[in-house]
Amino acid sequence: MLHDERILKNKFAYFLTIIFVFSWLIFFTYNIFNIFLRGYGIDDAYTAFKIPIYILYFLIFPLLIIAFISIFKESKKMFICLNISVFLMIIFHTIFFYVKYQKSTNPTVYFSTYVFMNMLFVVGPTLLINYFRHTPAKNEIEEIGKHND
């Protein structure tokens with residue numbers, strides 16, 4: 001049972017947050033595993049963006065780990081880490097979009113797919129998680145003697 005200091009409004013919000021953060025954590029873990037242990041690098045098309053992509057990998061991954069741990073600790077730090085990591089993910093996806101957009105035969109379909117997928121898998125769940133943020137009501141006992149004039 002959730003206690004009074006919960007960070008999200010209901011159990012669905014906790015479930016959504018855990019699934020969202022954990023799935024992106026698996027994605028970035030798999031890619032970092034491929035980069036380090038299997039020796040996979042960035043494709044030749046992305047060589048100009050190699051350093052920013054690696055920097056984004058190693059900024060997003062720890063932020064997702066901190067956000068995932070903060071969910072279970074019920075720390076408000078989860079929202080900060082989650083929102084920063086989502087912002088960095090959008091930058092990360094924009095780099096890949098930029099390179100593939102130049103090679104695309106039908107750019108309007110590719111652009112609409114890019115926007116739709118980012119809204120569905122990145123921005124949408126983050127907006128829902130932020131919407132379900134629990135803000136406790138002010139305690140009436142603590143408000144005794146204070147005027148709202």
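A few remarks follow.
- Within the range 122-134, the set of residues being touching a residue at least 12 places away in the same chain (Cβ under 8 Å) and either open to solvent by 50 Å² or more (accessible area, probe 1.4 Å) or under 14 Å from Ile19 (Cβ atoms) (or both) comprises Val122, Pro125, Thr126, Leu128, Ile129, Phe132, Arg133.
- For the range 57-83, a residue qualifies if it is closer than 18 Å to Tyr131 by Cβ and open to solvent by 70 Å² or more (accessible area, probe 1.4 Å), and the qualifying residues are Lys76, Ile80.
- Residues being touching a Lys or Arg at 6+ places or on another chain (Cβ under 6 Å) and either part of a helix (DSSP H, G or I) or modelled with pLDDT under 90 (or both) - total across the range 122-144: 1
- Residue that is free of Cβ contacts under 8 Å to residues at least 40 places away in the same chain and under 29 Å from Leu128 (Cα atoms), where the choices are Phe36, Phe28, Phe12, Phe20: Phe28
- Within the range 107-121, if we keep just the residues that are at pLDDT 85 or above and not hydrophobic (A, V, I, L, M, F, W, C), the residue that is least open to solvent (accessible area, probe 1.4 Å) turns out to be Asn118.
- Phe58 at pLDDT 85 or above, within 12 Å of the chain's Cα centre (by Cα), aromatic (Phe, Trp, Tyr) and closer than 19 Å to Ile90 by Cα: no
- Figure legend. Inter-residue proximity from the range 74-88: first residues free of Cβ contacts under 8 Å to residues at least 12 places away in the same chain, second residues open to solvent by less than 10 Å² (accessible area, probe 1.4 Å), beta-carbon distance below 9 Å, spacing 6+ or different chains. Indicated pairs: Lys77/Ala67; Lys77/Ser70; Ile80/Ala67; Ile80/Ser70.
- Test for Phe97: is it touching a Phe, Trp or Tyr at 6+ places or on another chain (Cβ under 6 Å), closer than 21 Å to Ala48 by Cα and surrounded by 15 or more Cβ atoms within 10 Å (Cβ to Cβ): yes
- Residues satisfying the stated conditions in the range 46-56, i.e. without any contact (Cβ under 8 Å) to a residue 40 or more places away in the chain and surrounded by fewer than 16 Cβ atoms within 10 Å (Cβ to Cβ): Thr47, Ala48, Lys50, Ile51, Tyr54, Ile55
- Residue in the range 30-45 that is modelled with the lowest pLDDT, counting only those that are open to solvent by 60 Å² or more (accessible area, probe 1.4 Å) and assigned to a helix (DSSP H, G or I): Asp44
- Whichever residue in the range 6-22 is assigned to a helix (DSSP H, G or I) and out of contact with any helix residue (DSSP H, G or I) (no Cβ under 9 Å at 6 or more places or on another chain) and, among such residues, is most open to solvent (accessible area, probe 1.4 Å): Lys11
The values are calculated or read from the model by the stated rules, or taken from the named source; none is laboratory data. Bear in mind that the values here come from a model prediction, so they are computed numbers and not experimental data. Virtual Cβ from ideal backbone geometry, glycine too; neighbours counted across all protein chains shown. Accessible surface areas use protein heavy atoms only, side chains included; no ligands, DNA or RNA. Shrake-Rupley method; radii C 1.70, N 1.55, O 1.52, S 1.80 Å.
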